[in-house]
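Nothing in this text is a laboratory measurement; each read-out follows from the coordinates by a stated rule. Being a predicted model, the structure only gives us computed values, none of them experimental. Every residue, glycine as well, gets a Cβ built from its backbone with ideal geometry; the counts of neighbours run over all protein chains shown.
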2 protein chains.
Amino acid sequence: MWPDRRIPDLLGIEHPIIQAPMAGPVFSDMVIAACEAGALGSLPCATIDESRIRAEIGIVRQATDRPFNVNFFCHTPPAFDAAREARWRERLRPYYVELGLDPDMDVPVSNRTPFDDALCALVEEFRPKVVSFHFGLPETALLERVKATGAAVLSSATTVEEAVWLEDHGCDAVIAQGAEAGGHRGNFLTHDMATQIGTFALVPQVADAVKVPVIAAGGITDARGIVAALALGAAAVQIGTAYLYTPEARIAALHRAALRSGRAGETALTNVFTGRPARGILNRVMRETGPLSDDAPAFPLAGGALAPLRAASEKAGSDGFMSLWAGQAARLSREMGAAELTRTLAAEAMARLAGLAGARRDG
Amino acid sequence: MWPDRRIPDLLGIEHPIIQAPMAGPVFSDMVIAACEAGALGSLPCATIDESRIRAEIGIVRQATDRPFNVNFFCHTPPAFDAAREARWRERLRPYYVELGLDPDMDVPVSNRTPFDDALCALVEEFRPKVVSFHFGLPETALLERVKATGAAVLSSATTVEEAVWLEDHGCDAVIAQGAEAGGHRGNFLTHDMATQIGTFALVPQVADAVKVPVIAAGGITDARGIVAALALGAAAVQIGTAYLYTPEARIAALHRAALRSGRAGETALTNVFTGRPARGILNRVMRETGPLSDDAPAFPLAGGALAPLRAASEKAGSDGFMSLWAGQAARLSREMGAAELTRTLAAEAMARLAGLAGARRDG
């Protein structure tokens, strides 16, 4: 039915579709819906604590016996840089004043948990079929423990060099994340955003460079994208933004409104929300302090000083200081449940494959 | 044979492939080779004078009776800005000193001829089957004269909004130029490079937004790209970089060497060579003064002060100051003649379509 069975066979799924692990919007209900519809559901664990991860995995396990993916960030937590933090606070000071906040108020420490011994122990306990990482791979000892559970290991590459590195370090498949993708870039060997590569150019070059199957990500929102990714040499696709339009996505009302608006067509890579480049819909803080700023503290610290601005402006009905993650093909999305979306994408992609086939036969 | 006949029928060609009009590298021999192999050959006229255009068209007409495309830039020539020019000379001064040149020497005025009355008269005289423009469209009176010749008119869009504008202003087909493309961006309604869109996301959105057929450009170098572009909703493809690897491409030896090297995988958009953003292989002047610089004079003036640096460094064996135009999929290119390349791409794309079809039937 699908022209390439490598990813369905490797991951034990029906369709070569992975629901992307978007930290923040995705919880167990979306994972279950994607799994039950034949895709690989992915539970993001970077922004929830161990007890919540435990609870979410438990809910998934109760609802489905299908394979799912548990995703972790594996960045190195940064040293606190007081000078850089001060520059960032100074850069944001006028916004604090404008919003009636004390520019010298204490701000929360923005946190994203990197994969560590405790999280690895959770993987060993729950033994998910698939474990994926973002920002490279964890240290060798941890990765070996994950692989010893029998999990298939995935991670994202934004360049050919990163793809080769991931294969060499034990990934069972590589996600080729084109520049169109919403949310955080997975880059880990390069930090130059000027040379990041579009999905169309990245996927075939990665497919040529590695032996493991390639999963295309970035700009894939409808059946046309799925078929195009397969044509480029991908064995499967990872889809994020399209799932933000499902009711299962836990996003702020203002984020959802921006996704529904014409503004969703204008996105950029920005580091102002977290310190690492991520793609979102252009808004005020991106335009005025970025979209890429040398003043933003290292990931994930930049978000701390943004938090009070977001809270105050969101209350006033403005999305000017919140991350509005979205990929470049957001406007191709349709609003439906995550299970229906998954089934629709799979059915339409198969029909489109048949259509190309039919056109070929008629020619 | 091809699933979508709109562009072959509109332009009178066999394969839905357009050899891109790359000003500088492309002359009549490449145009003839592409045409004779069943694609649309394109003669770029922006950097040659009227007598040379006349001669090149004459050679094409002698060699083939197949349709071809004549391409023009339609930018508005900038007013000379003495202050900006001075800033640019100052910015480049250390390089002049390093290369033993007088930093205050006279420099050539970089020139690109925009489409005007005289060039329009040439179109009326030669009546090419296809006329394409870059940077929007010429003023209405000129465009109407072109259309009155019966020529099909094409131009490039880098956003959905530009595509709609081009359709509304009379284009018979729209080239959706994704951010992966080598050479100059065709942008004309937006000048924000942070929001430029990858081919994968741009093509389906443009296909949804316009009624005229869409020609995909950017990152299309092999059969996988051609089939993927068709899957995304394009009726045809425009291919540039792959033709730079043919012996017909008139490029500097150092440019060819860079294309053949691993460096071809690392490109960026830069305005330092001409004043408008264009994609090329990263080199010294891009890294050190850009890749995008507010100091670069408006198109095409930035190139003037670069010319002596290029000449002196090229003589010394360095490509550090020359434009090394290339798209993001350059490394997928193969070296063969332009006719063989055209036939190979067409045959391989048809085989790949059949392969997807076969996989579908076997499923």
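Here are some notes:
- The modelled label-to-label distance between residue A:117 and residue B:284, using points 7 Å beyond Cα along the C-beta direction, is 5.1 nm.
- If you take the alpha carbon atoms of segment A:277-341 and fit the smallest convex hull around them, that volume is 125 Å³ per residue.
- Counting charges near residue A:142 (Lys, Arg +1; Asp, Glu -1) among other residues having Cβ under 14 Å from its Cβ returns a value of -3.
- Exam field: residue B:105 pseudo-label spacings to other copies (7 Å along Cα-Cβ), nanometres: 6.0
- Proxy reagent accessibility, fewest Cβ within 10 Å first, across A:211, B:147: A:211, B:147
- Over chain B, the alpha carbon radius of gyration divided by the compact-protein estimate 2.2 N^0.38 Å works out to 0.97.
- Inter-label distance for residue A:336 and residue A:161, nm, one decimal - labels placed 7 Å from Cα along Cα-to-Cβ: 4.2 nm
- Note on chain A: helix-only mean residue ellipticity at 222 nm, from DSSP H runs of 4+ residues weighted -39500 (n - 2.57) and normalised by residue number, equals -12500 deg cm²/dmol.
- Descending principal axes extents, the protein assembly as shown, alpha-carbon based, whole Å: 77, 63, 47
- Inter-chain neighbour count for A:229-238: the average number of beta-carbon atoms from partner chains within 10 Å of each residue's beta-carbon is 4.
- Annotation for segment B:21-78 versus segment B:117-157: alpha-carbon center distance of 14 Å.
- Net lengthening on full extension, residue A:91/residue A:189 (0.36 nm per residue, minus Cα-Cα): 32.4 nm
- More than 24 Å apart - percent of Cα-Cα pairs taken over segment A:154-253: 20 percent
- Under 30 Å from residue A:211, Cα to Cα: lysines that are on another chain or at least 8 residues apart: A:129, A:147
- Dipole orientation for the protein assembly as shown: of the candidates A:24, B:339, A:274, B:339 has the Cα lying most toward the positive pole (charges on Cβ; Lys, Arg +1; Asp, Glu -1).
- Over segment A:94-182, Cα pairs under 8 Å with separation of 6+ residues give a relative contact order of 21 percent.
- Summary of the geometry: segment B:158-218 and segment B:270-314, compared by the centres of their Cα atoms, lie 24 Å apart.
- Oblate is the label for segment B:171-226. Its Cα gyration tensor axes, ordered a ≥ b ≥ c, give a/c of at least 1.5 and b/c at or above a/b.
- Rg/Rh ratio calculated on Cα atoms of segment A:1-127 (Kirkwood radius): 1.14
- Computed over the Cα atoms of segment A:211-270, the ratio of the radius of gyration to the Kirkwood radius (Rg/Rh) comes to 1.05.
- Across peptide B:175-182, the average count of Cβ atoms from other chains found within 10 Å of a residue's Cβ is 3.
- Charged-residue dipole, Cβ positions (Lys, Arg, Asp, Glu), the protein assembly as shown about Cα centre, Debye nearest 20: 920 debye
- Counting only other chain Cβ atoms within 10 Å of each residue's Cβ, the peptide B:216-226 averages 4.
- Here is the tail figure for segment B:16-78: Cα pairs spaced more than 20 Å apart come to 21 percent of all pairs.
- Take each peptide in B:72-82, B:229-239, B:249-259, count the other Cβ atoms within 10 Å of every residue, and average; sorted highest first, the result is B:229-239, B:249-259, B:72-82.
- Taking one quarter of the surface of the convex hull spanned by the alpha-carbon atoms of segment B:188-345 gives a direction-averaged projected area of 10.1 nm².
- Rel. contact order, % - alpha carbon contacts under 8 angstrom, at least six apart, segment A:255-363: 27 percent
- Farthest positive-ward along segment B:1-135 dipole, Cα basis, beta-carbon charges - from B:15, B:108, B:121: B:15
- Charge dipole magnitude, Cβ of K and R +1, D and E -1 - segment B:100-173, Cα centre, debye nearest 20: 420 debye
- Label-point spacing at residue B:124 relative to the other copies reads 8.3 nm, in ascending order, each point sitting 7 Å out from Cα along Cα→Cβ.
- Net dipole in debye of chain A [+1 Lys, Arg Cβ; -1 Asp, Glu Cβ; about Cα centre; nearest 20]: 880 debye
- Cut-off under 5 Å, modelled amide H: who pairs with residue A:237 long-range: A:17, A:18, A:216
- A cut-off under 11 angstrom between Cβ atoms defines the neighbours of residue A:39, and their net charge, with Lys, Arg +1 and Asp, Glu -1, is 0.
- Note, ³J(HN,Hα) from phi for segment B:11-27, Karplus 6.51, -1.76, 1.60, rounded to Hz, x at Gly and Pro: 9, x, 10, 8, 10, x, 10, 10, 6, 5, x, 8, 5, x, x, 9, 10
- Cβ-vector label at 7 Å, residue B:316, separations to other copies in nm: 5.5
- Cβ-based net charge around residue A:281, under 14 Å, with every Lys or Arg adding one and every Asp or Glu removing one: +3
- Taking every alpha-carbon pair under 8 Å whose residues sit at least 6 apart, chain B reaches a relative contact order of 19 percent.
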